[in-house]
Amino acid sequence: MPLDQRGDSAHSDVMTGQQDDFRHLDRAGRAMAGIARSPRVTVNVVVGACILLAWLTLAAMAIRGAEGGIAGVSAPGDTILRSLPQLPLPDFLERFFVLCLSPVPLDTSLGLQAGALVFMWFLMAIATMLPSAAPMIRTYCEITDTARIKGEPVVHPLVLVAGYLSVWLAASMMFAALTLAAHAFASSAGMLDPVVGLAAALALLIAGVYQFSGLKEACLKKCKNPFSILFANWSARPVSVFRLGVAQGLWCLGCCWALMLVMFAVGVMNIFWMALIGLFTLIEKQTASRVPTRLAGAILLVWAAALLVVSL
């Protein structure tokens, strides 16, 4: 067979979904070729690794906070964290932890501390929100696989993930600014000042009320039904897919931003509450019933009322 006909035949095999067994490659080469050929595998590996690294970093940070007994970081579960073995960490991580865990402004540059807090909140978003976005990412991968089999051009799912995470990066900047403001307020008023308790009660109140709002319900519906949105807005242009990821990220942010305020009431580095919020958002987006949302709202409102009474 002439070379050009072989090329056309190979191209036809790829476009019609036939798979090459890559027998001419060694074992490592075949594995890498298989991963490169399957967007779903690549996305699962990258997203899974990001979530795992985020949780490991946050857990190490929470352990450092518990060991140091830093004001404002102590929380239920600190005894467990202190009992864990102390592992040596790279110097840059230790400096990063100090910047994030300090409850008062440091002598270092404010911009440096703000940058560290932005990264910390972004890690929290990856750890708690990215798992609940897995159904949306999986749906896009399924549509992409179908399109590839038909020979249609597709955009890699990681472009969609990048658009989704860009929204949470922007949100992390706002949460970091709130954290700096809370640190400044707490250091001037004192951690035992009743006003600090009132501020925490206000955060819980906002989070609780929002659970019953129409905006929360509208955003949650979009998060629960990603297929129709992804299919209706399908595009072979990377910019359009990135924007689609941004849109999905905005729906997720609209659904969960108020829950992130709970972290200001329980301690920003409370690893147990991070896990609880991450688990709740996963359950909330996977259940058809509105009971989990309303139940969480009721609990937050009762909690806010109790904290308000104690603080007065």
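The values are calculated or read from the model by the stated rules, or taken from the named source; none is laboratory data. Owing to the predicted nature of the structure, the values given are computational and were not obtained by experimental measurement. Note that we place each Cβ from the backbone using ideal geometry, even for glycine, and neighbour counts take in every protein chain shown.
Structure notes:
The rows are residues; the columns are (1) modelled with pLDDT of 90 or more; (2) small (Gly, Ala, Ser); (3) surrounded by 15 or more Cβ atoms within 10 Å (Cβ to Cβ).
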residue	(1), (2), (3)
268	no, no, yes
277	yes, no, yes
280	yes, no, yes
296	yes, yes, yes
300	yes, no, yes
307	no, no, yes
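- Among the residues making up region 132-147, those that are surrounded by 18 or more Cβ atoms within 10 Å (Cβ to Cβ) and either in contact with an Asp or Glu (Cβ under 9 Å, 6 or more places away or on another chain) or of a type outside the set (S, T, N, Q) (or both) are 132, 133, 136, 137, 140, 141.
- Scan of region 205-224 for residues that are in contact with a Gly (Cβ under 7 Å, 6 or more places away or on another chain) and loosely packed, with under 13 Cβ neighbours inside 10 Å, ordered by number: 215
- Within region 123-165, the set of residues being out of contact with any Cys (no Cβ under 8 Å at 6 or more places or on another chain), among the small types (Gly, Ala, Ser) and farther than 13 Å from residue 241 by Cα comprises 125, 127, 134, 147, 151.
- Some residue of region 220-230 being more than 19 Å from residue 160 (Cα to Cα), modelled with pLDDT of 90 or more and of a type in the set (D, E, K, R): yes
- Considering residues of region 112-146 that are free of Cβ contacts under 8 Å to residues at least 40 places away in the same chain and of a type in the set (A, V, I, L, M, F, W, C) only, the residue farthest from residue 45 (Cα to Cα): 112
- With respect to being more than 21 Å from the chain's Cα centre (by Cα) and of a type outside the set (S, T, N, Q), residue 137 falls outside the description.
- Flag if residue 195 is farther than 25 Å from residue 122 by Cα, out of contact with any His (no Cβ under 6 Å at 6 or more places or on another chain) and not basic (Lys, Arg): yes
- Put simply, of 242, 227, 272 the only residue that is exposed (fewer than 15 other Cβ atoms within 10 Å of the Cβ), of a type in the set (A, V, I, L, M, F, W, C) and touching a residue at least 40 places away in the same chain (Cβ under 8 Å) is 227.
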